[in-house]
1. Look at segment 17-34 and say how many of its residues are free of Cβ contacts under 8 Å to residues at least 60 places away in the same chain and part of a loop (DSSP other than H, G, I, E, B).
2. In segment 14-57, which residues are more than 21 Å from Thr76 (Cβ to Cβ), of a type in the set (A, V, I, L, M, F, W, C) and surrounded by 16 or more Cβ atoms within 10 Å (Cβ to Cβ)?
3. Kindly indicate whether any position in segment 73-94 is of a type in the set (Ser, Thr, Tyr), within 18 Å of Ala12 (Cβ to Cβ) and out of contact with any Asp or Glu (no Cβ under 7 Å at 6 or more places or on another chain).
4. Any residue in segment 44-61 that is more than 23 Å from Thr9 (Cα to Cα), among the aromatic types (Phe, Trp, Tyr) and out of contact with any Phe, Trp or Tyr (no Cβ under 8 Å at 6 or more places or on another chain)?
5. Would you please list the contacts, defined by Cβ atoms under 9 Å and residues six or more apart or on different chains, that run from a residue in segment 35-56 that is without any contact (Cβ under 8 Å) to a residue 40 or more places away in the chain to a residue that is surrounded by fewer than 16 Cβ atoms within 10 Å (Cβ to Cβ) and in a loop (DSSP other than H, G, I, E, B)?
6. Assigned to a helix (DSSP H, G or I), more than 21 Å from Glu24 (Cα to Cα) and touching a residue at least 24 places away in the same chain (Cβ under 8 Å): is that true of Val115 in this structure?
7. Could we say that Thr90 is assigned to a strand (DSSP E or B), closer than 20 Å to Pro110 by Cα and among the hydroxyl-bearing types (Ser, Thr, Tyr) here?
8. Between Thr76, Thr9, which is polar (S, T, N, Q), in a loop (DSSP other than H, G, I, E, B) and surrounded by 13 or more Cβ atoms within 10 Å (Cβ to Cβ)?
Amino acid sequence: MPSASRATTPVALDLEMIEGRYAEVADQTVAFETYKQDLDAAPYFRGLPGDACTCTHRGYVTAGQITFRWPDHEETYVEGEAYVAEPGHTPAFTAGSSVVEFSNSADLAPVMEVVGRNVEAILGVSS
C-alpha cells in the first residue's frame, strides 16, 4: 500500500509564509504544509471560478488553526481536528499552523497552476 510521511517527503515549496511537502499516493495528493506566518490565501486563488478553490480537501490540523471561508459562512478548525473543505472556499492560516491534507490530484492540479502563477505575480518568486 502506498504511503507518505512528512519526514520522507521532500520540501517542494519554501516561501516566507509556507513550507510545503507534496506526495502522490494513488490518485491523491498528500500535502504536509506548515505556515510560518499568518496567511490569508484568498489573493492566490484569484482567476479561479469565484476566485476560490475548486476542489475538496480532507485534512487534519496538526498545530494551530485554519479557517475556510465560503461566500455565505466560514469554518475554523484547530489542532487535533479533522476537516472536509468543499469547493468554493479560500483558506486562512495562523502562524505556526500545520496540516496534513488529502486532495484528488486531478482536481488539485488546475488549482495549483493558478496559485503558482499568483505566487509568482504577488511575491515575484517561482513556486
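Readers should treat all values here as calculations from the given coordinates under stated rules, not as data from a laboratory. It should be emphasised that the depicted structure is a prediction, and the values quoted were computed from it without experimental measurement. Note: ideal-geometry Cβ built from the backbone for every residue, glycine included; neighbour counts use all protein chains shown.
1. Going through segment 17-34 one residue at a time, the tally reaches 2.
2. Listed by number, the residues that qualify are Ala23, Val30, Leu48.
3. No, segment 73-94 contains no residue that is of a type in the set (Ser, Thr, Tyr), within 18 Å of Ala12 (Cβ to Cβ) and out of contact with any Asp or Glu (no Cβ under 7 Å at 6 or more places or on another chain).
4. yes
5. Gly50/Pro71; Ala52/Pro71
6. Considered against the rule, which asks whether it is assigned to a helix (DSSP H, G or I), more than 21 Å from Glu24 (Cα to Cα) and touching a residue at least 24 places away in the same chain (Cβ under 8 Å), Val115 comes out as no.
7. Taking the combined requirement at face value, the residue satisfies it.
8. Thr9
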